[in-house]
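Here's the structure we're looking at; comments come further down.
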Amino acid sequence: QVQLVESGGGLVQPGGSLRLSCAASGMFFNIGTMGWYRQSPGKQRDLVAGITSGGSANYADSVKGRFTISRDNAKNTVYLQMNSLKPEDTAVYYCNAGIIGRTYWGKGTLVTVSS
């Protein structure tokens, strides 16, 4: 059984920064692509950033230059460094991971950007 647990969400003022973490645990040998998605009330869940096991990253246009995704394969953990946060970044952030042909999701962590 695979579990993904996100942490690091919270309330931050516009222009501030947060770092999200997502740790995978369970019985597996390797994790493929990992990613961060977000969902605001009444909207669909959208990709924020993804990173392959080799470290190649891609980003949504709305976060390019502000967010950085990274991973520590030894710790089975993916990170999302979020800088210059805007109110429109407010959402529940979910991580996911591809493991042996299946996609697993965390339960999400809330990020609120407000003054």
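Looking at I31, I69, just one residue is out of contact with any Lys or Arg (no Cβ under 8 Å at 6 or more places or on another chain), farther than 11 Å from V111 by Cβ and modelled with pLDDT under 95, and that residue is I31. Look at (1) open to solvent by less than 40 Å² (accessible area, probe 1.4 Å); (2) touching a helix residue (DSSP H, G or I) at 6+ places or on another chain (Cβ under 7 Å); (3) in a loop (DSSP other than H, G, I, E, B); (4) not hydroxyl-bearing (S, T, Y) and you find that I31 fails only one, number (2).
Taking (1) within 16 Å of L110 (Cα to Cα); (2) open to solvent by 50 Å² or more (accessible area, probe 1.4 Å); (3) touching a strand residue (DSSP E or B) at 6+ places or on another chain (Cβ under 7 Å) in turn, Y59 satisfies each apart from (1). When region 2-23 is filtered for residues that are farther than 17 Å from G65 by Cα, at pLDDT 95 or above and open to solvent by less than 40 Å² (accessible area, probe 1.4 Å), the ones remaining, listed by number, are L4, E6, G8, G9, G10, V12, S21, C22. Taking region 62-83 on its own, how many of its residues are at positive phi and loosely packed, with under 14 Cβ neighbours inside 10 Å? Number of matching residues: 1. Among the residues making up region 1-38, those that are closer than 16 Å to S62 by Cα and touching a Phe, Trp or Tyr at 6+ places or on another chain (Cβ under 7 Å) are W36, Y37, R38. Looking at this structure, is G106 modelled with pLDDT of 95 or more, over 14 Å from the mean Cα position of the chain (by Cα), on the phi < 0 side of the Ramachandran plot and open to solvent by less than 30 Å² (accessible area, probe 1.4 Å)? So G106 fails the test.
Does region 12-28 contain at least one residue that is within 11 Å of the chain's Cα centre (by Cα) and not in a strand (DSSP E or B)? No - not one qualifying residue is present in region 12-28. When region 84-103 is limited to residues that are loosely packed, with under 15 Cβ neighbours inside 10 Å and among the hydroxyl-bearing types (S, T, Y), the one that is farthest from R19 (Cα to Cα) turns out to be T103.
Conditions tested, residue by residue: (1) out of contact with any Pro (no Cβ under 9 Å at 6 or more places or on another chain); (2) charged (D, E, K, R); (3) free of Cβ contacts under 8 Å to residues at least 12 places away in the same chain.
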position: G42; (1), (2), (3): yes, no, yes
position: R45; (1), (2), (3): yes, yes, no
position: V48; (1), (2), (3): yes, no, no
position: D61; (1), (2), (3): yes, yes, yes
position: T68; (1), (2), (3): yes, no, no
position: C95; (1), (2), (3): yes, no, no
position: W105; (1), (2), (3): yes, no, no
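The values are calculated or read from the model by the stated rules, or taken from the named source; none is laboratory data. As the structure is a computational prediction, the values presented were derived from the model and not from experiment. Methodologically, a virtual Cβ is constructed for each residue, glycine included, from the backbone with ideal geometry; neighbour enumeration extends over all protein chains shown. Remember, those area values only see protein heavy atoms, side chains included, never the ligands or the DNA or RNA. Shrake-Rupley method; radii C 1.70, N 1.55, O 1.52, S 1.80 Å.
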